[in-house]
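The values are calculated or read from the model by the stated rules, or taken from the named source; none is laboratory data. Treat the numbers as computed from the prediction; the structure is a model and nothing was measured. Cβ sites come from the backbone with ideal geometry, for glycine too, and all protein chains shown count toward neighbours. We work out accessible area using only protein heavy atoms, side chains counted, and drop any ligands, DNA or RNA first. Shrake-Rupley method; radii C 1.70, N 1.55, O 1.52, S 1.80 Å.
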Amino acid sequence: MSSEKQAGRLGNGESAGEGGGGAQVVNVTVGEGVLARPEQDLLTRTALGVFRLNGQFLTVSEEMARPAGLTAAWWQVLGAVLREPQPVAGIARTMGITRQSVQRVADLLVRGGLAEYTPNPAHRRAKLLTPTDEGRAAVQRIQPAHADLATRLKEALGEEQFARTAQTLERLSEVLAGLEVDVENS
């Protein structure tokens, strides 16, 4: 079979768009006779790509944070409160992780002198996490490596593609959050 014809074939041998000139909806085989629609394949590819990307970002973040005496998780939580103090629940919502995970890291940061709990005028029991001068200095030590990686990504992707990538991921997160609400309410 010619490479042009192979390019138009899907994993199960069905053709995508042969003959009619327009796109057709074609199911693809994903396992032992199980068929998935193209949007399911796209969801799977997107999820696997995000999982892989998450692992890559965690690895790079650990490497950048280590010389500053931080872990990626410590850097993530400190970064969330650099501009303004937040309660643990607020940090968790912003980062999309569990409150318990943030609480554990916040307690370690406080014990290590990198952050402190301060009173919250909006809620007596939910203290605000605030970085100390030592915590701010630790994050500042990461900035040269962070800036270097940002520059290299911009050069590799191009500035426009880099910006579109960030926008696409932000939009995907917004849409997925909205779908979660719909699923919970149905």
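Miscellaneous remarks
- Ligands, DNA and RNA excluded, the heavy atoms of Glu174 present near 120 Å² of accessible surface to a 1.4 Å solvent probe.
- Vicinal HN-Hα couplings computed from phi for the stretch 124-140 (Karplus, 6.51 cos²θ - 1.76 cosθ + 1.60; Hz; Gly/Pro x): 4, 8, 8, 5, 8, 8, 10, x, 8, 4, 5, x, 4, 5, 5, 5, 4
- Under Karplus coefficients 6.51, -1.76 and 1.60, residue-wise ³J(HN,Hα) of the stretch 86-96 in Hz, glycine/proline x: 9, x, 4, 4, x, 4, 4, 4, 4, 8, x
- The stretch 35-100 - charge dipole about Cα centre, Lys and Arg +1 at Cβ, Asp and Glu -1, debye rounded to 20: 120 debye
- Rounded to the nearest 10 Å², the accessible area of Thr94 at probe 1.4 Å: 100 Å²
- Ranking by accessible area, most exposed first, for Phe51, Phe162, Phe57 with a 1.4 Å probe: Phe51, Phe57, Phe162
- Directionally averaged shadow of the stretch 85-149, computed from the convex hull of its alpha-carbon atoms, nm²: 5.1 nm²
- Förster radius 35 Å - calculated FRET efficiency between Gln40 and Thr71, Cβ distance, rounded to 0.05: 0.45
- Model label sites at Met95 and Arg111, defined 7 Å from Cα along the beta-carbon direction, differ in position by 1.6 nm.
- A Förster radius of 22 Å combined with the Cβ-Cβ distance from Arg152 to Val50 puts the calculated FRET efficiency at roughly 0.55.
- Normalised per residue, the volume of the convex hull around the Cα set of the stretch 62-186 (Å³): 132 Å³
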